[in-house]
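Read the structure below first, then the notes.
The values are calculated or read from the model by the stated rules, or taken from the named source; none is laboratory data. These numbers come from a predicted model, not from an experiment. Cβ placement follows ideal geometry from the backbone for every residue including glycine, while neighbour counts extend to all protein chains displayed. Heads up: the accessible areas ignore ligands, DNA and RNA and are worked out on the full protein's heavy atoms, side chains in. Shrake-Rupley method; radii C 1.70, N 1.55, O 1.52, S 1.80 Å.
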Amino acid sequence: IRPLRAAIRDGIVTIDFELYIQNRGPESADNVRAVLGLFAANADQDAQIAAFHGAARMAPGSEPFSIAPGGIHMLKGQVTQAGEQMRVVNVQGKPMFVPIVPVALKWYAGLSIRTLRDSFMIGTVPAQGSDRLGPLWVERAAEGFGRLAAKRYVPKDAAGA
């Protein structure tokens, strides 16, 4: 996922993105639909991500698309969340948040629905010499958050699996 823009406006948090999906299989992936969500990093994030992925199988998702073997499909989109649902953390008296975008891809394979799940943390580009994303400081929302980056997020219970 490539985050393009993050904003907080009129009580809504939005992340604009490009999602690049590659078909590494030997057959065409047809009728693929992407389902994405938006959460903020918090103590319950792993349970929220698991619940999202559990429900994504039945969610409508994006317009369907196909990807030829070895091909890459780019999906542009936006995820949103009401500002009062975005969990904000105060660090040294300043409110900040770190968005997490869970992604579920689903497609038909014979009579079954196949799924692929992933999650990404979104933040500002890491400082030189660091690999940690910077937070999105709420007080800076009006002027923009600067260059954004994404990093794959693996829930704690899945990391050891």
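Some values worked out for this structure:
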read-out: Rg/Rh ratio calculated on Cα atoms of the range 39-161 (Kirkwood radius); value: 1.00
read-out: Nearest-ten-degree value, helix 45-56 long axis tilted from longest Cα axis of the chain; value: 30
read-out: Spin-label model distance (nm) - Leu111 vs Val154, 7 Å beyond Cα toward Cβ; value: 3.6
read-out: Dipole magnitude of the chain, debye to nearest 20 (Cβ charges: Lys/Arg +1, Asp/Glu -1, about Cα centre); value: 220
read-out: All lysines inside 27 Å of Lys106 as judged from Cα atoms, apart from same-chain residues fewer than 8 positions distant; value: Lys76, Lys151, Lys156
read-out: Neighbour net charge for Met74 - beta-carbon separation under 10 angstrom, K R +1, D E -1; value: +1
read-out: Environment charge at Ala59 (Cβ cut-off 11 Å; Lys +1, Arg +1, Asp -1, Glu -1); value: +3
read-out: Mean ellipticity per residue at 222 nm, deg cm²/dmol - from DSSP H runs of n ≥ 4 across the chain, formula -39500 (n - 2.57); value: -2500 deg cm²/dmol
read-out: Carbon + sulfur, % of accessible area of the range 1-119 - ligands and nucleic acids excluded, 1.4 Å; value: 52
read-out: Choice from Ala55, Ala47, Ala127 showing the highest fluctuation, given a GNM over the chain with Cα pairs closer than 10 Å; value: Ala127
